[in-house]
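Engineer: Structure below; questions to follow.
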Amino acid sequence: MAALESPENHIKATATSTATTSSSTTSDLNFSVRRRSTTVTDSPSTEMMESEDLKSNGKECDKVTNENRSDIKFNYRPSMPAHRGVRESPLSSDAIFKQSHAGLFNLCIVVLVAINSRLIIENIIKYGWLINGGFWFSSKSLRDWPLFMCCLSLPAFPFAAYLVEKLAYQNYLPQLVVVFLHTIITTGSLLYPVLVILRCDSAFLSGVTLMLFSCIVWLKLVSYAHTNSDLRAIAKSIDREDVPSISPYVGNPYDTYFKSLVYFMVAPTLCYQSSYPRTESVRKGWVVQQFVKLIIFTGFMGFIIEQYINPIVKNSQHPFKGNLLYAIERVLKLSVPNLYVWLCMFYCFFHLWLNILAELLCFGDREFYKDWWNARTVEEPVHKWMVRHIYFPCLRNKIPKGLAILIAFLVSAVFHELCIAVPCHVFKLWAFIGIMLQVPLVVITKFLQNKFRSSMVGNMIFWLFFSILGQPMCVLLYYHDLMNRKGKTESR
């Protein structure tokens, strides 16, 4: 009975030992042959020894072959049991999450590429090339020099913040004055580009680019001021011996080196610290590969926008002014190409571009994003900046957790609205409302998760409202409001 209970283990062990012996024997044989072929000045005794090695290796190979034949002869017999235990099918509910689905994943990729390739070819045959860059670049783009000059003047605000911190470091300014000056600097870095864009009837892409730069500068300046203020408070506490140990702060000492600020302003991070993990060298070939990917995916994103999204949007009505069923059909039809564009944009910016910048600057910490696609609620994909400078400071100031989350969503909603509404010259607060509606959605998602006791419910709700319904609806709303504004301007 013992011999029949585990014949598979015996076969596996024999096969493993046989394969190991065979590979080692073959490698020894190859090494001996190479040694004989490369040696031309060996003595006759050495040649005799090598010939004996070849003979012995040949005998060992024959022995291994005989053992393999013996295993097949005695172990794979018709009388051997084929069913020896209780096991589940690979796709059963109890075993499906214990199996590897790499093959099915590859099949999905192949099918997805095939289907979308057919749709692209069919669309081109039916409608032709619809690519027109007038919405992104126009004759106005060449006259957008005020926006370009505004972008070049943005470094003046970090320099002003550095001067304030330098004076505070030398105890020339009290804390209240430092906070007041930083408030003026950060506010100016955001309002100045907004006023320039609103006064100039610029192209959409130029306005979006300038607003993104100004928002990044604002977020970096807030982190710079907030971090240095905290470090000053820690330094004073240490001087008063209020803090028993400074070990948590050794990696981020308080200094006002200008080179630290310069590196921070160009580094792919929004959180300031005096030093960062660094890599030793730049992989030039790797950077070139990422640039090629960036060009390809950016072109693909532009192709989807011009070939699919623009025609769908132009042939639609305002979602709140037309037929409800027609509006739902337009939103669902727009959801797939919009999702592709959003994923391409995420991959191009947060993965390719930030990794390229990090490689060129030897920036070591490249966790620019986490697995947000597995998020169970819409509150999970939160940036480090928001947690560091909004959420936890609110908790430390005795603000309730729910209100702290609401404040974080409020800040995010304001910046989403600025980046879209200002370049469009349309202030209908659609992006702001879309972000703030996620707050009650968080409560609903948690209720459903507790009721069904499954995190998959929250993930499906996240994808449904975040990508399938929310973003296409915002695209339709802003497009029609923008077209209405242009129509009124031309009629004047």
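Engineer: Rounded to the nearest 10 Å², what accessible area does T377 show when all protein chains are kept and the probe is 1.4 Å?
Structural biologist: Surface accessible to solvent at T377 totals approximately 10 Å².
Engineer: Taking a threshold of 25 Å on the Cα-Cα distance, which of the pairs K166/K220; K126/K314; K370/K401; K428/K451 fall above it?
Structural biologist: The answer is K428/K451.
Engineer: Taking H as built 1.01 Å from N, whose amide H comes closer than 5 Å to the amide H of F363, not counting residues under 5 places away?
Structural biologist: T279
Engineer: If you stretched the chain out fully between V336 and L395, how much longer would it get, using 0.36 nm times the residue separation minus the C-alpha to C-alpha distance?
Structural biologist: Here the answer is 17.3 nm.
Engineer: Here's another thing I want to ask about it. Accessible area of the range 260-333 with a 1.4 Å probe: how many percent of it is carbon plus sulfur?
Structural biologist: Carbon-and-sulfur percentage of accessible area, whole number: 65.
Engineer: In debye to the nearest 20, how big a dipole does the range 277-368 give about its Cα centre with +1 on each Lys and Arg Cβ and -1 on each Asp and Glu Cβ?
Structural biologist: 220 debye
The values are calculated or read from the model by the stated rules, or taken from the named source; none is laboratory data. In this text, all values refer to a predicted model and were calculated from it rather than measured experimentally. Note that each Cβ is placed from the backbone with ideal geometry, even for glycine, and that neighbours are counted across all protein chains shown. In case anyone asks, the SASA skips ligands and DNA or RNA and just uses the protein heavy atoms, side chains included. Shrake-Rupley method; radii C 1.70, N 1.55, O 1.52, S 1.80 Å.
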